[in-house]
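Peer 1: Okay, here's the structure, questions in a sec.
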Amino acid sequence: MEIIKGELRRLRSGLGSGDSQQRPFLVRVRFTAENPARVIADARAVLTSVVERTNDWPAFERWSELLPAWFVQRCAPEHAESGAGLSFDAQAWLRKWQAMTPEEKADFSQGPWTLSGWLYYFDPTAEGMGDDRSWWWWDAGSGEPGNGWVEVATTGWPFGSGSLSWLIEASGGRDLTYGA
């Protein structure tokens with residue numbers, strides 16, 4: 001719970017004095033964008049909406065009201081079985097994912113994510129992976145014009161970075177590169 005409180009504080013206010021005493025494993029994601037500050041602000045807004053609800057996770061149907069409309073619109077359409085008013089079957093999705101070849105996984109990860117697929121990685125209930133997240137917002141900024149970065153605390157390298165990549169891409173970031 002302390003991890004989530006710290007993440008929420010950093011999302012809302014940036015790094016605090018207590019953060020310098022922590023020694024997390026940090027990974028920086030660099031991206032290009034016409035307006036990197038806008039990408040960072042938009043990514044923060046989406047992630048803040050999700051992290052704020054970790055203790056009282058809403059039903060999937062409510063998320064389109066809780067998240068910024070632009071983010072929901074940029075997500076891929078829901079698959080027929082999850083878009084027909086049925087709840088997301090995480091176990092079926094995981095079985096399907098595990099059966100994919102590495103090439104199929106790479107192709108799948110390149111396009112827009114469905115909202116349910118993205119939320120799955122934050123969902124703290126038994127249906128999601130939120131209790132086993134592998135990254136948490138740490139810091140973000142921009143340097144040269146057209147370039148920005150997001151830094152996350154993570155469990156190590158490599159880590160499950162797809163949900164982070166989609167957050168940045170949906171927010172307007174392009175040409176993502178990962179590094180320390």
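The values are calculated or read from the model by the stated rules, or taken from the named source; none is laboratory data. The structure presented is a predicted model; accordingly, all values stated were derived computationally and were not measured. Note: areas computed on protein heavy atoms with side chains; ligands, DNA, RNA excluded. Shrake-Rupley method; radii C 1.70, N 1.55, O 1.52, S 1.80 Å.
Peer 1: Would you work out the relative contact order for the chain, in percent, from Cα pairs under 8 angstrom that are 6 or more residues apart?
Peer 2: 41 percent
Peer 1: Separate question: Report the accessible area of D132, computed with a 1.4 Å probe over the heavy atoms of all protein chains in place, in Å² rounded to the nearest 10.
Peer 2: Near enough 110 Å² of accessible area.
Peer 1: Sticking with this structure for a sec: In square angstrom, rounded to the nearest 10, how much accessible surface does I4 have for a 1.4 Å probe?
Peer 2: Number for this one is 30 Å².
Peer 1: If you take the Cα atoms of the chain, find Rg, then find the Kirkwood Rh from the mean of 1/r over all pairs, what is Rg/Rh?
Peer 2: Working: Rg = 16.0 Å, Rh = 17.0 Å.
Computed over Cα atoms, the ratio is 0.95.
Peer 1: Using all Cα-Cα distances in segment 13-70, what percent lands in each 5 angstrom bin from 0 up to the longest?
Peer 2: 4, 13, 18, 18, 20, 15, 11, 2
Peer 1: OK, next. Rounded to the nearest 10 degrees, what's the angle between the helix 36-51 long axis and the longest principal axis of the chain, both from Cα atoms, 0 to 90?
Peer 2: With both axes taken from Cα atoms, the answer is about 50 degrees.
Peer 1: Could I ask something else about it? Ignoring ligands, DNA and RNA, what accessible area per residue does the chain give at 1.4 Å, in Å²? Numbers along the way, then the final one.
Peer 2: Details: 9780 Å² over 180 residues.
Averaged over the residues of the chain, the accessible area is 54 Å².
Peer 1: Quick one: grab Rg to one decimal and Dmax as a whole number for segment 131-176, Cα atoms only, in Å.
Peer 2: Looking at segment 131-176, its Cα Rg and Dmax stand at 11.4, 37 Å.
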